[in-house]
1. Under 18 Å Cα to Cα from Lys60, which aspartates and glutamates show up? Leave out anything in the same chain fewer than 8 places away.
2. What figure, in Å² to the nearest 10, do you get for the accessible area of Asp16 with a 1.4 Å probe and non-protein molecules left out?
3. So how exposed is Lys60, as accessible area in Å² (1.4 Å probe, rounded to 10)?
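The values are calculated or read from the model by the stated rules, or taken from the named source; none is laboratory data. Fair warning: this is a prediction, and the values are worked out from it, not measured in the lab. When the accessible area is computed, the model is the full protein with side chains, heavy atoms only, and any ligands, DNA or RNA have been set aside. Shrake-Rupley method; radii C 1.70, N 1.55, O 1.52, S 1.80 Å.
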Amino acid sequence: MKRIMAIYDTDPCYADKFAEFVNRREQCPFTAVSFTSVEHLQAYAGRQQVELLLAGSGVKSDSLDEVSSAQTVWLAGDHSGRGDGGAVVYQYQSADSVLREVIACYQRPTGQSLYTIFGISSNIIGVYSPVNRLRKTGFCLTL
């Protein structure tokens, strides 16, 4: 199941092009949808769960109070960033760099740990030997 990345910017060209770029990427875990109207974004967020919201530099933070999203990343038009908290990514750099920084800022909800099986904490044990033929496989199976 793909996660939804909503891109809201007052510049329709930027939002559409960036959404098109994200959707062309095969390795991206998000499906991008662009918006230029806060009303359309609110209606879409009411129907569909928005996992990540990218808000452009011209967007007022109080206009997004009605939009329910798991996380919001702000796109800044200059290097100074935003003062209202949250993750900030510089908007006018290569699309690969923007996407890389947005993915780095994205945090999954902390439910279970990756190393938890059936609710019991697990340990990872690694076996290494620089010399071949020392029966490591048999030892690992016995362990």
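1. Asp9, Asp11, Glu39, Asp78, Asp84
2. So the heavy atoms of Asp16 present about 80 Å² to solvent.
3. The accessible area comes out at roughly 140 Å².
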